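A.B. asks: Have a look at the structure that comes next, please.
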Amino acid sequence: MNRLAALVVAHTRLFSLLALFSLFLLILLVTVVSREYREASRLTLLTVQTERMSVDLMAQTVNGNLMGALHLLGLADPQVKQDALHSAPSGDTPLLRSLEQIGSALEVTGLYVVDRQGEIHTFWGSGKSLTGVNVLFRPYVQNGLQGMSSVYAAVGTTSGERTLYFAAPLYEGYTPFTPIIGVVAARMNLLRIDRVLANHSDIALLLSPQGLIFASNRPEWIAHRTVAATPEWLQAIRSLKQFGTLFEHREPEPFPVNLQLPITEWNGNRYAIARTSLQWQDPGGNWQLILMENLTHTVPLSESVHIGLLVGSLAALVLISLFHVLQSHHRQQTAHLDLQRLLEEQATVANRKAQRAALSLRLQQCQSPHESAPLFLQAAHEQFALLQGVIYVRESDQCPYLQLVATFACQVRPASQLLPGEGLLGQAFLEGKMRLLHMPEDSFCTIHSGLGDARPSTLLLMPITLNKSQLGLLEVAMLHQPSASDVEELQEWVTLLALHLELRRSHLSLPNSVTTDSQGRSAC
């Protein structure tokens, strides 16, 4: 969590942009998922409504009173049986009165008896009499002669009206196990079907097995096709005569909506589509009831957007809270680290003061630079990890050269005397400025130990001065570059050494021995 908090605080702008982008994606995703879920729920309800409407349609047709009455006539009415067997004269008055009473009670437009040859022997109904007309080509008559009751929807060839035809087998005896001697049939208009379809608020369609819209609560869609109008399909429609003369000289117009998808778009709106089959025993196949619902009205996009914005707002609050928690945690962690660092710095400062005090005390016990300088180098090695070092001291202001008073870890002893301006050391003494040199890998200097050799990375040249008085020079070699605080602390140490040298210079003097270097120069 510490890393995460530090990363978030360090890149606040980047994480803010990522958070905004993530919130946008979240709002978009929730909006889409919410709309799809609500649309799926509406589709489920529409499917249930479709099933219920199909039950109503079946109750008005196959399972209705009219079909029950036809079954009863075909089984139990002796007058109908005699009429089908031609044992009674065509247009028998008692039979006509009986058919009239039944037809009027059931609100049909026609009721008739068909013999085995498909000829209508007795007809009652409105319009032109069909007595003597052969209707054996009608599928509902063929179904009845085969012992099946059926409902058949067709368009009249002469009237052009959409009509439902009902048919039931007519048995010779009073049981369905006796021979079939004809068909009892009835016809009615589509008012009952239209009333059922009108209960749906959006689009309701009744499709024939051929894919033609036979009935709808939107009259403008009747006789439109929902399939491709191939030449073979069109020829089959015209040969069937089920739709009268509607398509003798024209092709049916296409329905503009793709009914194969459960949810589709049309005219800028989204529609849910549910369908179910009607078992009318049509030889061409099952009829279909299709209901469409305009989801743009029932599932408006604005509501899904509001849900997405609500979820996005909650997510934004969570992200803001999380950011504040991470920020607070980072501040606490930073304060803890700062306090720890301060304590460490204070401990370091106290330790260095203690080291300086110990060095000062030890230097005070030394009687000469030959004692204090080696002590200084040894202590500097322990404190600053220097690996080599030399100290030159100028015994008096009148002395023209500096004398070597101490070395540390030098395999080859340096020159015992050094003139100001001679080499890097002499130049550093002459300028009175510290030099920090970074040594290349192929430098002239090598650090030797029992385990091997190594080349230093840093060479430090530091004049030993006190009150602008040049007292000597310190040179040390290190494997690693010292930090600024280490250099500053080493300068403090050099100041202590300079103070000690100045005190000894004022009250003590070096032994009166004369030494010469390799060039023949003598000591002061």
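Readers should treat all values here as calculations from the given coordinates under stated rules, not as data from a laboratory. Values in this document were obtained by computation on a predicted structure and should not be read as measured data. Here the Cβ is made from the backbone with ideal geometry for all residues, glycine too, and neighbour counts use every protein chain on show.
A.B. asks: How large is the helix-only mean residue ellipticity at 222 nm for the chain, computed as the sum of -39500 (n - 2.57) over DSSP H runs with n ≥ 4, divided by its residue count, in deg cm²/dmol to the nearest 500? Each step should come with its number before you reach the end.
C.D. replies: Numbers: 13 runs with 232 residues, N = 524.
Mean residue ellipticity at 222 nm (helix-derived): -15000 deg cm²/dmol.
A.B. asks: What does the charge dipole of the chain about its Cα centre add up to, to the nearest 20 debye, if the Cβ of each Lys and Arg holds +1 and the Cβ of each Asp and Glu holds -1?
C.D. replies: Details: 37 positive and 43 negative charges, 86 e Å.
The calculation lands at about 420 debye.
A.B. asks: Something else: Which one, (i) 23.9, 73; (ii) 28.8, 102; (iii) 57.4, 173, gives Rg and Dmax of the Cα atoms in Å as derived from the coordinates shown?
C.D. replies: Structure-derived value, by its label: (iii).
A.B. asks: Would you list which aspartates and glutamates come within 14 Å of Lys468, measuring only between C-alpha atoms, while excluding same-chain residues fewer than 8 positions from it?
C.D. replies: Asp397, Glu431, Glu502
A.B. asks: Ranking request for peptides 411-420, 3-12, 334-343, 364-373: highest mean number of other beta-carbon atoms within 10 Å first, then the rest in descending order. Working shown, then result.
C.D. replies: Values: 411-420: 15.4, 3-12: 13.6, 334-343: 10.4, 364-373: 17.1.
Result, highest mean first: 364-373, 411-420, 3-12, 334-343.
A.B. asks: Tell me, in nm to one decimal, what length is gained between Asn63 and Asn2 on full extension, where the rule is 0.36 nm per residue of separation less the Cα-Cα distance? Don't skip to the answer; put the middle values down first.
C.D. replies: Working: separation 61, 0.36 × 61 = 21.96 nm, distance 7.55 nm.
Going from the current span to full extension adds 14.4 nm.
A.B. asks: May I pose another question? Specify which residue in the list Val183, Trp287, Leu473 is farthest towards the positive end of the charge dipole of the chain, using unit charges on the beta carbon of Lys, Arg (+1) and Asp, Glu (-1), about the Cα centre.
C.D. replies: Of the listed residues, the answer is Leu473.
A.B. asks: If I model a spin label at Glu220 and Leu17 as a point 7 Å from the Cα along the Cα→Cβ vector, what separation in nanometres do I get?
C.D. replies: 5.1 nm
A.B. asks: Additional query: With charges set only on the Cβ (+1 for Lys and Arg, -1 for Asp and Glu), what does the dipole of region 61-189 come to about its Cα centre, in debye to the nearest 20?
C.D. replies: Numbers: 7 positive and 9 negative charges, 47 e Å.
Once rounded to the nearest 20, the dipole reads 220 debye.
A.B. asks: Run the numbers for Ala40 and Thr93: contour at 0.36 nm per residue of separation, minus the present Cα-Cα distance, in nm. Before the final figure, lay out the partial values.
C.D. replies: Values: separation 53, 0.36 × 53 = 19.08 nm, distance 5.95 nm.
Contour length minus Cα-Cα distance gives 13.1 nm.
A.B. asks: Which order do the peptides 171-180, 387-396 come out in when sorted by mean C-beta neighbours inside 10 angstrom, highest first?
C.D. replies: On the way: 171-180: 12.1, 387-396: 21.4.
The most tightly packed comes first, giving 387-396, 171-180.
A.B. asks: Can you give me the angle between helix 65-76 and the longest principal axis of the chain, using Cα atoms only, in degrees from 0 to 90, rounded to the nearest 10?
C.D. replies: The helix 65-76 is inclined about 40 degrees to the chain.
A.B. asks: Measure nothing but the geometry: give the 0 to 90° angle between the long axis through the Cα atoms of 301-364 and the longest principal axis through the Cα atoms of the chain, rounded to 10°.
C.D. replies: Taking the Cα atoms of the chain, the angle to 301-364 is about 10 degrees.
A.B. asks: Moving on to the next point. Taking +1 at the Cβ of each Lys and Arg and -1 at the Cβ of each Asp and Glu, which of Leu136, Ser485, Pro300 sits farthest along the dipole of the chain towards its positive end, judged by Cα position relative to the Cα centre?
C.D. replies: Positive-end residue among those listed: Ser485.
A.B. asks: Could you tell me how far the Cα centroid of region 280-300 sits from the Cα centroid of region 159-209, in Å?
C.D. replies: Cα centroid of region 159-209 versus Cα centroid of region 280-300: 20 Å apart.
A.B. asks: A follow-up question, please. Tell me, in nm to one decimal, what length is gained between Ser104 and Leu479 on full extension, where the rule is 0.36 nm per residue of separation less the Cα-Cα distance? Don't skip to the end; give the middle numbers.
C.D. replies: On the way: separation 375, 0.36 × 375 = 135.00 nm, distance 12.07 nm.
Answer, rounded to one decimal: 122.9 nm.
A.B. asks: On a 0 to 90 degree scale, rounded to 10, what angle separates helix 12-60 from the longest Cα axis of the chain?
C.D. replies: Helix 12-60 sits at roughly 10 degrees to that axis.
A.B. asks: Using the Cα centre of region 61-189 as origin and beta-carbon charges of +1 (Lys, Arg) and -1 (Asp, Glu), tell me which of Leu73, Leu111, Thr61 is placed farthest towards the positive end of the dipole.
C.D. replies: It is Thr61, whose Cα lies furthest towards the positive end.
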